[in-house]
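The values are calculated or read from the model by the stated rules, or taken from the named source; none is laboratory data. The structure displayed is predicted, hence computed values, not measured ones. Every residue, glycine as well, gets a Cβ built from its backbone with ideal geometry; the counts of neighbours run over all protein chains shown. Heavy atoms of the whole protein, side chains included, go into the accessibility calculation; ligands, DNA and RNA do not. Shrake-Rupley method; radii C 1.70, N 1.55, O 1.52, S 1.80 Å.
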Amino acid sequence: MATELQTQQKELQQTNEQLAQKAQQLAEQNVEVERKNQEIDQARRAVEEKAKELALTSKYKSEFLANMSHELRTPLNSILVLGQQLTDNPDGNLTGKQVEFARTIHGAGTDLLNLITDILDLSKIESGTVFRSGRGSLHCQSAGHDCTSFRHEAENRRFAFEIVTDPRLSRSLVTDSKRLQQVLKNLLSNAFKFTEQGSVRLSVSLAERGWTEDHAVLRVAPSVIAFQVEDTGIGIPWEKQRIIFEAFQQADAGTSRKYGGTGLGLAISRELASLLGGEIQLRSDVGKGSTFTLYLPQTYVAPRPASI
């Protein structure tokens with residue numbers, strides 16, 4: 001019995017030593033977990049502070065761009081008015097070369113004004129204040145009506161331009177009509193810029209597929225409208241089809257650019273499409289043309305602007 005008791009005491013002692021080791025390990029692990037929790041908490045606070053700083057910086061940037069655009073537009077409008085008067089040459093006392101110089105000044109001023117407007121629009125989108133105009137209802141059959149102004153340009157450049165609407169579209173489209181027209185005009189301007197011959201076509205129809213399958217809004221929308229802008233222009237290489245939606249990126253970027261523009265139109269269009277609850281898809285072949293398709297839910301409630 002004494003031998004058995006000694007054996008049991010040794011086993012108990014070993015068990016106690018093992019328990020003590022495990023308790024020490026648990027204590028060390030608790031200390032490590034506590035340290036990591038503190039690090040995570042510090043990192044979370046740092047991220048929150050950084051987010052606040054970025055939001056404040058974005059707010060200041062938007063305010064700066066808004067004020068600066070106003071300051072730039074005031075003298076620029078005077079330049080445009082005077083440039084137009086010189087171009088018209090009402091007194092007939094300017095030579096042909098001087099009139100051409102005035103026309104160049106007026107054109108450059110117009111390009112600069114468009115650039116200022118695009119930068120301001122992009123700033124509004126980033127700051128979340130672009131949706132102040134609110135949503136409205138417009139008939140699907142007339143969704144492309146405001147784009148008929150491109151017909152005159154097509155006639156001057158001698159290529160076909162048509163607007164085709166699916167006769168099945170009998171209901172109204174509930175969206176921000178002002179922003180919708182802005183996207184369509186950007187897409188059409190892009191198509192006209194890169195098309196020298198052939199045709200440009202805007203078609204409006206019901207869509208059952210074509211957008212990203214896991215799109216948060218379109219995949220659950222009862223019905224989706226597709227606005228398709230198709231051209232027979234120069235096309236876009238595959239390696240540039242993603243970057244052209246980034247700000248200041250263009251299909252013909254480089255020192256020997258043939259086509260003008262700021263490179264902001266498609267970036268603004270993509271962001272506006274997202275804010276309207278949809279997206280833009282692109283198909284293009286070099287030398288054959290491009291097709292930009294804007295997919296929008298037929299009825300969409302825009303999100304509230306984020307407060308800063």
Under 14 Å between alpha carbons, and skipping anything fewer than 8 positions from Lys288 in its own chain: which aspartates and glutamates qualify? Glu196, Glu230, Asp231
With region 1-58 reduced to its Cα atoms and the Debye formula applied, log10 I(q)/I(0) at q = 0.12, 0.16, 0.21, 0.26 1/Å amounts to -0.56, -0.69, -0.82, -0.94
Burial ranking of peptide ranges 181-194, 73-86, 34-47, 51-64 (average Cβ count within 10 Å, highest at the top): 181-194, 73-86, 51-64, 34-47
Cross-link candidates for Lys178: which lysines have Cα within less than 18 Å, leaving aside residues fewer than 8 places away along the same chain? Lys124
On the formula 1/(1 + (r/R0)^6), with r taken between the Cβ atoms of Ser58 and Lys185 and R0 of 25 Å, the FRET efficiency rounded to 0.05 is 0.40
Pull up the cross-link candidates among the aspartates and glutamates for Lys240, meaning alpha carbon to alpha carbon under 13 Å and not fewer than 8 places away within one chain. Asp252, Asp285
Inverse mean reciprocal Cα-Cα distance (Kirkwood Rh) of region 194-250, Å: 14.0 Å
Given a 1.4 angstrom probe, what's the average accessible area per residue across region 1-122, in square angstrom? 80 Å²
Modelling each spin label as a point 7 Å along the Cα-to-Cβ direction, I'd like the Glu34/Ala46 distance in nm, to one decimal. 2.2 nm
What is the local net charge at Gly96, summed over the other residues whose Cβ is closer than 14 Å to its Cβ (Lys, Arg +1; Asp, Glu -1)? 0
Points 7 angstrom from Cα along the Cβ direction at Thr3 and Phe101: gap in nanometres? 12.2 nm
Which entries in Lys10/Lys36; Lys36/Lys59; Lys61/Lys97; Lys97/Lys193; Lys50/Lys193 show an alpha-carbon gap greater than 31 Å? Lys10/Lys36; Lys36/Lys59; Lys61/Lys97; Lys50/Lys193
